[in-house]
Structure formats: structure tokens, C-alpha cells
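The values are calculated or read from the model by the stated rules, or taken from the named source; none is laboratory data. From a predicted model like this one, the values you see are computed outputs, not experimental measurements. A quick note on method: Cβ atoms are made from the backbone with ideal geometry, for glycine too, and the neighbour counts reach across all protein chains shown.
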Amino acid sequence: MPDKPKIPDFSAIAEKLKQDVRRYAKVYCLQWFDDSFQNQGFTDASFQAWPKRKNDSSPGRAILIDTTFLRKSLSVLGEDENTITFGTHVPYAGLHNNGERLRVIQYVRQHHRTRDGNRYQVKAHSRKIDTQYPQRQFIGESKTMMDNLDKWLIDEIIKRFNQS
């Protein structure tokens, strides 16, 4: 009497795949966002290079990289059953990623200034600072990234169900 073919445990395979997809997606997406700093631009459907600095005081240095604090702060902020939220805790990240305008009133206290050997009294005053930051997107939804994740998932499904 021939042996019955062994039926694979599809629910176990699917559960393991679900865990692996989440792990792979977290690592892959964080690497994708980190690559924006390496490439000096963001890839959505196509690559968009970041605008150059005006009045560049350090022309050899990469854009948005001074201390690499912003680059290293990218992480997974939250996740639930269906979504993974990526972001950063750095307060100025939104200014660069979205290209926002910053309007601030700066209050300067009274102090002394020495110029040409003479000491001057500077009165307390305020100044308005109005700065427009150009958009240099480094994190966000990317069509190319999602297509690559979909391709990996389909290949992984085919590979795992063929092994069973």
C-alpha cells in the first residue's frame, strides 16, 4: 500500500513567513532610508537628488551629514499587525524632510562686545529669523522600495511552498 503524501502545515508556514516579512521589511526599509544619505537624494519612482547648499562653506562635505546624528537616528517608531512606522526622534528632521519654513524671534540679552580694543555695551534686543529650508527627503513612502519588497515577498512565498 503506497504511503500517503505528507500534507504540509500551511498555517505554520504562513505564520513563520509573516514574522520573517516583518523582520526583513524593517531592516530593508531602514537600509533604504539610510541609503538616501549615501546617495544624496531620495528614490521614489525615480531618484530625486537633493539641492546643493547655498554659500557652501565646506564644499567637500555631504549634504545633511555633519555629525551623522540625523542619519543614525532613523528607527522603527511603532508597529502593529498591519503597519510599521519609521521615523526619528530628532526635532529638526521634519524641517529637512518636508522642506519647511522656520520663523523665530530671537531675544538677545545685554552684553559687552570688544572691537578694535574698545569695549562697547550692547543693549538687549530681539531679531526675527525667517528661514526656508529646501526639501531634502530622506524618509517616506517609496514606490521602488515597495515594489522591491513585493518582489521579495512573492519570491519567498514561492520558495517556501515549493520546499514543503
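Among residues of segment 1-39 being within 18 Å of residue 148 (Cα to Cα) and of a type in the set (A, V, I, L, M, F, W, C), the one that is farthest from the chain's Cα centre (by Cα) is 17.
For segment 123-141, the set of residues classified as modelled with pLDDT of 95 or more and among the small types (Gly, Ala, Ser) consists of 124, 126, listed by residue number.
Here segment 65-83 is the region considered, the condition is being at pLDDT 90 or above and of a type in the set (A, V, I, L, M), and the residue that is surrounded by the most Cβ atoms within 10 Å (Cβ to Cβ) is 74. Candidates are the residues of segment 94-137 that are touching a His at 6+ places or on another chain (Cβ under 7 Å) and closer than 30 Å to residue 62 by Cα; the one that is surrounded by the fewest Cβ atoms within 10 Å (Cβ to Cβ) is 133.
Where helices (runs of 4 or more DSSP H) sit wholly within segment 1-101, those with at least 2 residues that are touching a residue at least 40 places away in the same chain (Cβ under 8 Å), touching a Leu at 6+ places or on another chain (Cβ under 9 Å) and within 20 Å of residue 154 (Cα to Cα) occupy 10-39.
Across segment 144-164, the number of residues qualifying as surrounded by 14 or more Cβ atoms within 10 Å (Cβ to Cβ) and acidic (Asp, Glu) comes to 1. Taking the criterion of being among the β-branched types (Val, Ile, Thr) and in contact (Cβ under 8 Å) with a residue 12 or more places away in the chain, the residues of segment 126-164 that qualify are 129, 131, 139, 144, 157.
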